[in-house]
Amino acid sequence: QVQLVESGGGLVQAGGSLRLSCAASGRTFSGYAMGWFRQAAGKEREFVAAISRLGMNSYYGDSVKGRFTIGRDNAKNTVYLQMNNLKPEDTAVYYCAAAPWRSQWYGSSDAYTDWGQGTQVTVSS
């Protein structure tokens, strides 16, 4: 069990940037991969990005690749999501999640056992 708290969301103009943070406590942070998901109003949860335990590998959903960057700092028990060139369709609640075991598909929410409460990102046109 790990407790996750997202922060950094807010309102931003299209084309702007935000940096989301997810602070972890409890279980050793480096023991699991981390992911970001988002859910827009009236839409299904969508995979955004994931990063391996040591940060050597990262994965992105097609809709954000090239614009978003995931990173982690195990010494700070924190995972980040740098969001650049934001678009109105990026508006959603963003959740970080922890995957304690290796998965064949980190794009699935089923790979993750612990979730944060989410942080709202709103992008205006």
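The values are calculated or read from the model by the stated rules, or taken from the named source; none is laboratory data. The model shown is predicted, which means the values in this text are computed figures rather than measured ones. Cβ coordinates were reconstructed from backbone atoms using ideal geometry, including for glycine residues, and neighbour counts include every protein chain displayed. Side chains included, ligands, DNA and RNA excluded: accessible areas come from the protein's heavy atoms. Shrake-Rupley method; radii C 1.70, N 1.55, O 1.52, S 1.80 Å.
At a glance:
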| item | result |
| --- | --- |
| Extreme residue, positive dipole direction of the chain, given options 105, 58, 41 (C-beta unit charges) | 58 |
| From phi via Karplus (6.51, -1.76, 1.60), per-residue ³J(HN,Hα) for segment 116-121 in Hz, x at Gly/Pro | x, 7, x, 9, 7, 10 |
| Carbon plus sulfur fraction of accessible area for the chain, probe 1.4 Å, in percent | 47 |
| Vicinal HN-Hα couplings computed from phi for segment 50-56 (Karplus, 6.51 cos²θ - 1.76 cosθ + 1.60; Hz; Gly/Pro x) | 8, 9, 6, 4, 9, x, 7 |
| FRET efficiency, 1/(1 + (r/R0)^6) with R0 22 Å, evaluated for residue 23 and residue 1 via beta carbons | 0.90 |
| Choice from 105, 115, 36 showing the highest fluctuation, given a GNM over the chain with Cα pairs closer than 10 Å | 105 |
| Proximal charge balance of residue 10 [Cβ under 15 Å; K/R count +1, D/E count -1] | 0 |
| Mean separation of Cα contacts under 8 Å, 6 or more apart, over the residue count of the chain: relative contact order % | 36 |
| Gain on full stretching of the segment that runs from residue 57 to residue 108 - 0.36 nm per residue minus C-alpha separation | 16.7 nm |
| Tail weight of P(r) past 18 Å, computed on alpha-carbon pairs of segment 62-125, percent | 46 |
